Amino acid sequence: MLRLAVLGYPVTHSLSPAMHRFALERLGLRGSYEALETPLGALAERLSVVRWGYRGVNLTLPLKEAALSLLDWVSPEAQGIGAVNTVLAVEGRLFGFNTDAPGFLEALKAGGIPLEGPALVLGAGGAGRAVAWALKGAGVEVWVWNRTPGRAEALAEELGLKAVPLERAKVARLLVNATSVGLKDPSATPLPPDLLPEEGAAIDLVYRPLWTRFLREAQARGLVVQTGLPMLAWQGALAFRIWTGLLPDPRGMEEAARQALEEG
Ligand code: NDP
């Protein structure tokens, strides 16, 4: 019996249970995937239960950074990004990974979006760090912008990137919204439309709503666009592979997430 879960706070509306239950069923595995409300202060205690009681868990806000110091081993990738989104439990030992970064790159590849720079990452929070790290590792020139400039500057210095003003968006080839702007607010965008480039691609990590103002305006400008769902599905599929050794179909997981999103 494969016992899996996602930990976060709040986590009730997470799409992960729908995606992973689809994967379990499609692969014919007997198991469960729960959503466990876990405030930051309860993480250590929850992980002590995971240690012996679960095959693994996903971590989401606000736990991804705090988990680093509570695990027995953390992958170099997760160390570099400073965040863990996947935990594997083996004989009472906890191993931490980050599948957001490779998930982002796999989603680009699956969507036929070329890895062309300069790429401008909007946001230097957890998601922005993972995306910047992934793009830099893939050899792309990465620029980063953040509302609080000090955070962008710190990230740029740490990863050897450039912190830039928002106006540089006009000459970027790949734009990634890794801020939470647009989340649950269809009228908000991190980038005024007059700063969109003439060509290239735009990806929004926000998937609630699926079609954000940022993506709609980028599409109207003629850019190739991708919603946050392919990355969500890929990071989930890669986590599932860490737990089971089997890679589920990310397209099917994406469809399961889309259905759960539509059902609210
Ligand atoms: P964090 O809380 O770590 O970071 C939030 C980021 O948004 C910061 O850069 C913050 O800037 C910025 N921000 C917040 N409000 C504003 C605003 N009004 N104007 C400009 N910038 C703002 O969150 P995460 O990095 O974990 O997540 C960011 C988004 O990415 C979320 O919507 C999340 O759902 C999504 N996500 C999607 C994934 C996927 O698979 N599709 C995976 C992971 C995340 P500042 O530093 O100035 O506060």
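The values are calculated or read from the model by the stated rules, or taken from the named source; none is laboratory data. Just so it is clear, the model here is predicted, and its values are computed rather than measured. Note: ideal-geometry Cβ built from the backbone for every residue, glycine included; neighbour counts use all protein chains shown. Each accessible area value is taken on the protein alone, full model and side chains, heavy atoms only, with ligands, DNA and RNA left out. Shrake-Rupley method; radii C 1.70, N 1.55, O 1.52, S 1.80 Å.
For the chain, what does -39500 (n - 2.57) per DSSP helix run (n ≥ 4), summed and divided by total residues, give at 222 nm, in deg cm²/dmol to the nearest 500?
-11500 deg cm²/dmol
Starting from a Cα-only point model with no solvent, please compute log10 I(q)/I(0) by Debye for segment 129-264 at q = 0.10, 0.14, 0.16 1/Å.
-0.37, -0.72, -0.91
Between E199 and L68, what FRET efficiency comes out of the Förster formula 1/(1 + (r/R0)^6) with R0 = 45 Å and r the beta carbon distance, rounded to 0.05?
So, using R0 = 45 Å, E works out to roughly 0.70.
Keeping every protein chain in place, order L215, L205 by accessible area at 1.4 Å, biggest value first, i.e. largest first.
So, going from the largest accessible area down, we get L205, L215.
How are the alpha carbon pair distances in the chain distributed across 5 Å bins from zero to the largest one, expressed in percent?
Computed distribution, short to long bins: 1, 6, 13, 18, 19, 16, 13, 8, 4, 1, 0.
For segment 1-103, state which GluC sites (Glu not before Pro) are in a DSSP loop and have at most 10 other beta carbons lying within 10 Å of their beta carbon.
E91
What number, in nm² with one decimal, is the all-direction average of the projected area of the convex hull of the alpha-carbon atoms of segment 70-215?
9.3
Size of the dipole of segment 1-89 about the Cα centre, Lys and Arg at +1 and Asp and Glu at -1 on the beta carbon, nothing else charged, in debye to 20?
Rounded to the nearest 20 debye, it is 300 debye.
When the dipole is taken about the Cα centre of the chain, and only Lys, Arg (+1) and Asp, Glu (-1) are charged at their Cβ, what size is it in debye, to the nearest 20?
Numbers: 26 positive and 27 negative charges, 61 e Å.
Roughly 300 debye for the chain.
Tell me, what is the per residue accessible area of the chain in Å², probe radius 1.4 Å?
Working: 11810 Å² over 264 residues.
For the chain, the solvent-accessible area averages 45 Å² per residue.
For the chain, what % of the accessible area comes from carbon and sulfur atoms, probe 1.4 Å?
C and S atoms contribute 53 percent here.
What number in nm² do you get for segment 190-264 if you take the convex hull of its Cα atoms and divide its surface by four?
Quarter of the Cα hull surface area: 5.8 nm².
Suppose R0 equals 30 Å. What FRET efficiency, 1/(1 + (r/R0)^6) with r the Cβ-Cβ distance, do S32 and L247 give to the nearest 0.05? Provide the component values of the computation, followed by the final result.
Details: r = 20 Å, r/R0 = 0.67.
Working from the Cβ atoms, E equals 0.90.
Can you work out the Karplus-derived ³J(HN,Hα) for every residue in segment 73-88? Use 6.51 cos²θ - 1.76 cosθ + 1.60 with θ = phi - 60°, whole Hz, and x for glycine or proline.
Using θ = phi - 60°, the values come out as 8, 10, 4, x, 4, 5, 4, x, 6, x, 8, 10, 10, 9, 10, 10 Hz.
Length gain on complete extension for the stretch R208 to E158, per 0.36 nm per residue less the alpha carbon to alpha carbon distance?
Roughly 15.0 nm would be gained on extension.
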